[in-house]
1. Towards the positive end of the charge dipole of the chain, with charges on Cβ (+1 Lys, Arg; -1 Asp, Glu), say which of THR35, THR218, LEU55 has the farthest Cα.
2. Too long at a 23 Å Cα-Cα cut-off: which of LYS103/LYS302; LYS85/LYS342; LYS100/LYS131; LYS52/LYS243; LYS195/LYS342; LYS37/LYS195?
3. Could you tell me which GluC sites (Glu not before Pro) in the range 136-172 are loop residues by DSSP with no more than 14 other beta carbons within 10 angstrom of their beta carbon?
4. Got a number for the accessible area of PHE333? Probe 1.4 Å, square angstrom, nearest 10.
5. Could you please state, rounded to a whole Å, how far the C-alpha centre of the range 192-255 is from the C-alpha centre of the range 110-177?
6. For the chain, what is the mean residue ellipticity at 222 nm derived from helices alone (per DSSP H run of n ≥ 4: -39500 (n - 2.57); sum divided by total residues; nearest 500 deg cm²/dmol)?
7. Kindly work out what percent of the DSSP beta bridges joining two residues of the chain are antiparallel, to the nearest 5.
8. In a GNM of the chain with a 10 Å cut-off on Cα contacts, which of GLY207, GLY336, GLY105 has the highest mean-square fluctuation?
Amino acid sequence: MNVNDFDFDLPEALIAQTPLQDRTASRLMVMNGDTGKIEHRQFPDLIDELTKGDLLVLNDTRVLPARLMGVKEETGAAIEVLLLKEHGNDEWETLVKPAKRIKPGNIVSFGDGQLKAECTGVLEQGGRIFKFIYEGIFYEVLDELGNMPLPPYITETLDDQERYQTVFAKERGSAAAPTAGLHFTDDILHRIREKGVGVEFITLHVGLGTFRPVSVDTIEGHTMHSEYYSVSESAANAINEVKESGGRVIAVGTTSARTLETIASANDGRIVPSSGWTSIFIYPGYVFSILDGLLTNFHLPKSTLIMLVSALSTREHVLEAYHQAINEHYRFFSFGDAMFIKPPERKES
C-alpha cells in the first residue's frame with residue numbers, strides 16, 4: 001500500500017494554533033465506520049453516542065516540560081535539549097540542536113547552573129545521551145526550567161502549559177500529549193459515568209516519533225518508533241469484563257488504541273496487566289482484537305495516525321471524512337476538533 005494514498009491537501013489556516021477557552025467547545029465529527037455516514041456535532045454530544053455498558057479507555061500520561069534551553073559551558077553557545085527517554089541513574093536520551101556542537105564530555109548548563117548535563121554518548125539524527133547533575137528533585141527542577149515540547153506545526157506561544165495536559169494527566173513521561181483526551185473535563189467524565197459508561201485509564205508515554213513523517217514509499221516498509229506502556233490489573237479486569245458482557249471498548253486516542261491492541265493481540269483478545277514497549281503499526285487490513293470504536297483528533301497527511309484511523313473503517317471513508325472536515329472548516333491536529341469512529345451496532349443474538 002502506497003503512503004501517498006493517505007495524502008490530502010490541508011489549508012494552513014485550519015491548523016489550530018491555540019486551545020479553545022472551553023475544552024468541550026470543540027466540534028465532533030461522528031462517522032459510522034461501516035457505511036462512512038457522517039454527522040456534524042459538538043463534543044458534549046459524544047455522551048449521546050455512548051451506551052450503558054460501554055467502556056472508554058483513556059491515556060493518563062503526563063507531558064514533561066522536556067524542552068530545555070541552555071548554554072555550552074566551554075563556549076557559551078546556545079543549546080536546545082529535548083528529553084526523550086529516561087535511562088535511569090539521571091541519564092536521558094535526548095535530541096539536541098545544534099547537535100554538531102555537542103560531543104562526549106561537553107557540559108550544557110541550564111538556569112545559571114541550577115541544572116547541568118554532561119554528554120556521555122552520541123546517537124543518530126541529533127540524539128545525545130546526557131547525565132544530569134542537580135540538587136534536589138529532578139522533576140521539580142524540570143518544572144521550573146523546562147518548557148512544554150509543543151509539536152512543530154504549532155508556532156504560537158502557549159500561555160498556560162496545563163492546556164497541553166489532559167485534566168486526568170498523572171503519570172510523567174510523555175514528549176507529547178494524548179490530544180484526543182484534551183477535550184474532556186471532569187464534568188464530562190462525570191456525566192459519562194452517570195450514564196453507566198465505564199471509564200478506565202491506561203498509560204502510554206508518547207514519543208516524538210509520532211510527529212516524524214513516513215519516509216518510505218510503501219506502508220509495509222515503515223518501521224514504527226517504540227513507546228512505553230503500562231496497564232494495571234484493575235483496568236485490565238474492567239476491560240475484559242466489558243468485552244465478556246457484550247459491551248463496547250472505545251479508545252480515546254490512538255495511543256490508547258495501540259496499547260490495547262498490543263496487549264490483546266498477544267493474549268488471545270484479552271487484556272492482561274503488563275508494561276513494556278510497543279512498536280505496533282496499525283493500518284488498513286489490520287484485524288482488531290479488542291477495539292470497537294475510537295475517539296481521535298484530525299491527523300497529518302500521510303501519517304501513521306491517519307493510517308490507524310483508516311483501519312477502523314476504510315481509507316476511502318476516512319479521506320472523504322477529512323475532505324468534509326476541510327470544507328466545514330474543522331480545526332486540525334493537537335488543539336483541533338475531534339472525530340468519533342462509531343462502533344457498529346450490536347446485533348441481537
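1. Value: THR218.
2. Distance filter (> 23 Å) returns LYS103/LYS302; LYS85/LYS342; LYS37/LYS195.
3. On the way: sites: GLU140, GLU144, GLU156, GLU162, GLU171; in loops: GLU156.
Sparse-neighbourhood loop GluC sites (Glu not before Pro): GLU156.
4. Solvent-accessible area, nearest 10 Å²: 10 Å².
5. Spelled out, the Cα-based centre of one part sits 24 Å from the other.
6. Helices in the chain give a 222 nm mean residue ellipticity of -5500 deg cm²/dmol.
7. Looking only at bridges with both residues in the chain, the antiparallel portion is about 70 percent.
8. GLY105
The values are calculated or read from the model by the stated rules, or taken from the named source; none is laboratory data. Every value quoted in this text rests on a predicted model; they were computed, and no experiment measured them. Heads up, the Cβs are rebuilt from the backbone with ideal geometry, glycines too, and the neighbour counts pull from every protein chain shown. Note: areas computed on protein heavy atoms with side chains; ligands, DNA, RNA excluded. Shrake-Rupley method; radii C 1.70, N 1.55, O 1.52, S 1.80 Å.
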